[in-house]
Amino acid sequence: MTNGMPRISAALRMAALLTLAASTAAMAQNEPAKIETVAIPAPDAERLALARDLIAQAFPEEKREALFTDAMDAMMKPLRKALDSETECDPELAAITNRKFDSWFETSKVVAKKHIPAQMDAMAQAYAREFSAKELSEYSAFAATPGGKHFFLRNTAILSDPSVAAASENYMRELVPIMSKMSEELNAEIAAYKGKHPAKGKAKH
C-alpha cells in the first residue's frame, strides 16, 4: 500500500460530496430546516402546486426516511469497499479508518435528514420551472398508479443491484487514487500560496 492516508482522506471528502448527491433523491420526516435563501424568481403557482403533488405522490411521507437512508447506504457501499482495499494490508489502520468512516457517516445522516425536506421543496420548485403543467400532471398520474408507486419507491433500490454495485465499486477503485493525487496537488498549491501571502482575515458578511 502506498500513500494510503492521503487516499483515505480524499475518499472521505468524496464521500461527503456523494452524500449531498444522494440527499437530493431521498427524503425524511423532520420539519424543513431553516436555510439561507437566495433571490430566485418564484415559479408559476399552478405548476408549483402540481410539482408538490408529484413529490407527495412519488415519495409518501411515511416512506421518506427509509428511502433516504437506503439511498445513502447504497451509495456509500462502493466507496467503503474502495477504502477497505486501501487498508487491507494494515489491520490497525483499517480499524482507525472504519471507525472514523462509521462516525462520519452516521453524523452525516443526522445532518442530511434535517435538511432533506427543504431540499425536496426546492426540487418541487425546480420541477415547476422545468416542466409544464401538462407534464407535471402526467407525472403525478403515473406516480399514483401501482407501477408508478413501484418505480418511485424502489428507484433508489436499483443502486444496490449487484450489477450497479459492481460497476460503482470499479468506478470508486479508479477514482480514489485520482482524488488522492488531486488532494495532494491542492494541498501543495495552498501551502505555496500561504507561504507567499500573509494570513488574511475572514471576509465580513
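Observations on the structure shown:
- In plain terms, the chain from Ala157 to Phe142 could stretch by 3.5 nm, reckoned as 0.36 nm per residue minus the Cα-Cα distance.
- Set of aspartates and glutamates with alpha-carbon distance to Lys100 below 14 Å, sequence-local pairs under 8 removed: Asp84, Glu92
- A DSSP coil position with no more than 12 other Cβ atoms inside 10 Å describes none of the chymotrypsin sites (Phe, Trp or Tyr not before Pro) in the stretch 99-163.
- Computed FRET value (nearest 0.05) for Ala167 with Ser85, which takes r as the C-beta separation and R₀ as 22 Å: 0.85
- Taken one residue at a time, the phi angles of the stretch 133-150 give Karplus couplings (6.51, -1.76, 1.60, θ = phi - 60°) of 4, 4, 5, 4, 5, 5, 5, 5, 5, 5, 4, 7, 7, x, x, x, 4, 4 Hz. Gly and Pro are set to x.
- Remark: the stretch 99-110, residue by residue, has Karplus-estimated 3J(HN,Hα) of 5, 5, 4, 4, 5, 4, 5, 5, 5, 5, 5, 4 Hz, where x stands for each Gly or Pro and the curve is 6.51 cos²θ - 1.76 cosθ + 1.60 at θ = phi - 60°.
- By the Stokes-Einstein formula, at 0.890 mPa s and 25 °C, the stretch 43-188 with its Kirkwood radius over alpha-carbon pairs has D equal to 137 µm²/s.
Throughout, read-outs are computed from the coordinates displayed, never taken from laboratory work. Here the structure is a predicted model, which is why all the values come from computation and not from measurement. Here Cβ is always computed from backbone atoms with ideal geometry, including for glycine, and neighbour counts include all displayed protein chains.
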